[in-house]
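Notes follow the structure.
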Amino acid sequence: MAFTIGKKDENIEKVNMENFELSLLSKGEGIEVMIQTVRKDNIFYIYPAESPKVMEFFYILEGEILCERNGEKIKLGPCDYFSCSDLEETIHFTALTNVKYLWVINEPTFFQLSDNVKELSGIVERVEERDPYTYNHNERVAKYSIKIAKKLSLSKSNLERLYISAILHDIGKINIPSEILNKPAKLTNEEFDLIKKHPQDGAEMVKELYYDDTIATIIEQHHERLNGRGYPKGLIGEEIVLEARIIAVSDTFDAMTEDRAYRNAFTPEFAIDELQRLSPSQYDPDVVAALIEVLHEEGKLKVTSSEA
């Protein structure tokens, strides 16, 4: 017989990242009880499980979320709850406010998430310390990428690999001197050659972790372009994996719409016009179209010149 009392803010283990917090409250017989906090405006998902026997239950304690399923949007708040088992599709949520919910699952989950988050958090923080102009760039690229992937109906495993790859896509920049990363003037050929090494460097760093080889491949390819004029290998068309093509579009859009050391941010409309102009020569037109759909739905994009 076992009987346990937990006081407020006590937990078995907790993991923190900038946009969410996860606490393990209890576990046993394959069941885990957790409290998760998600910061406002962040997105999260329930994925189809590998086994139809997996059941998940969520009870909202604080805040409001927006649930999107089959084109329907449902707002949920305190004391609302939802559960799932044998899912056939990914369910998408957006935190309308800071949200806290109870999460119960009959499959060990916490320690896998905990280990992944600790690895991710440490690497991302090291990169962002080197380049203040790209603070939160990785997180924004991941958000755009996942939203695009939703439109393209990627599978659970592809979504998970895409998210990790997007978060880590620039980790190779840790090897680039700060004065080059933040240089306000045009880079020399030698300096640009150093910049072009970061996809391969990042891929090598990720290979040292326990993730599968696909994530290293995605990171290595995120600056490849469909016409073969990208780097580091000059791959062409379908030689570039879809996840890398998604990150390429998300990365370019975010880079253009944020301030940089050498220029001010462009408007979303200008950035989309450029992406369309360079499709399909450099960017996947289906991926660009999916991004446009996402931006329109979020009210972040007016009519572009190509739509007028």
(message) Counting other C-beta atoms within 10 Å, and keeping those with at most 15, which DSSP coil GluC sites (Glu not before Pro) do you find in region 1-110?
(response) Glu10, Glu18, Glu29, Glu50, Glu88, Glu89
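What does the convex hull of the Cα atoms of the chain come to per residue, in Å³, rounded to a whole number?
Taking the convex hull of the Cα positions in the chain, it is 147 Å³ per residue.
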(request) Any aspartates and glutamates with Cα under 17 Å of the Lys151 Cα? List them, leaving off those in the same chain fewer than 8 positions away. (result) Glu68, Glu72, Glu88, Glu89, Glu160, Glu243, Asp284, Asp286, Glu293, Glu297, Glu298
(message) I need two numbers for region 13-108: Rg to one decimal and Dmax as a whole number, Cα atoms only, in Å.
(response) 13.1, 37
(request) Can you pull the one-decimal nm distance between simple spin-label points at Glu88 and Tyr45, each 7 Å off the Cα toward Cβ? (result) 1.9 nm
(request) Let me know the longest stretch in the chain that avoids all chymotrypsin sites (Phe, Trp or Tyr not before Pro) found in a DSSP loop with at most 10 other C-beta atoms within 10 Å. (result) 4-209
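Work out the FRET efficiency for Asp273 and Ala185 from their Cβ-Cβ distance, taking R0 = 25 Å, and round it to the nearest 0.05. Can you show the working numbers first?
Values: r = 26 Å, r/R0 = 1.05.
It comes out at approximately 0.45.
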(message) Quick check on my link table: of Lys73/Lys143; Lys147/Lys207; Lys73/Lys150; Lys14/Lys100, which ones sit more than 22 Å apart, alpha carbon to alpha carbon?
(response) Lys147/Lys207
(request) May I ask for the angle, rounded to the nearest 10°, between helix 110-130 and the longest principal axis of the chain, with both axes built from Cα atoms and the value confined to 0 to 90°? (result) 30 degrees
(message) Could you tell me the relative contact order of the chain? Use alpha-carbon pairs under 8 Å, at least six residues apart, and round to a whole percent.
(response) 12 percent
(message) List the GluC sites (Glu not before Pro) within region 152-226 that DSSP assigns to loop and that have no more than 16 neighbouring Cβ atoms inside 10 Å.
(response) Glu208
(request) Go through region 33-45 residue by residue and turn each phi into a ³J(HN,Hα) via Karplus (6.51, -1.76, 1.60, θ = phi - 60°); whole Hz please, and just put x for glycine and proline. (result) 10, 10, 10, 10, 10, 10, 6, 3, 6, 8, 10, 8, 9
(message) From the helices alone, meaning DSSP H stretches of at least four residues, give me the mean residue ellipticity at 222 nm for the chain, per-run term -39500 (n - 2.57), in deg cm²/dmol to the nearest 500.
(response) -11500 deg cm²/dmol
(request) Give me the net charge of Glu190's neighbourhood, meaning all other residues with Cβ under 15 Å from the Cβ of Glu190; Lys, Arg count +1, Asp, Glu -1. (result) +1
(request) Determine, from the Cβ-Cβ distance of Asn136 and Phe57 and an R0 of 41 Å, the FRET efficiency 1/(1 + (r/R0)^6), rounded to the nearest 0.05. (result) 0.80
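Where a number appears in this text, it was derived from the coordinates with a stated rule and is not lab data. Just so it is clear, the model here is predicted, and its values are computed rather than measured. No Cβ is skipped: glycine too gets one built from the backbone with ideal geometry, and neighbour counts run over all protein chains shown.
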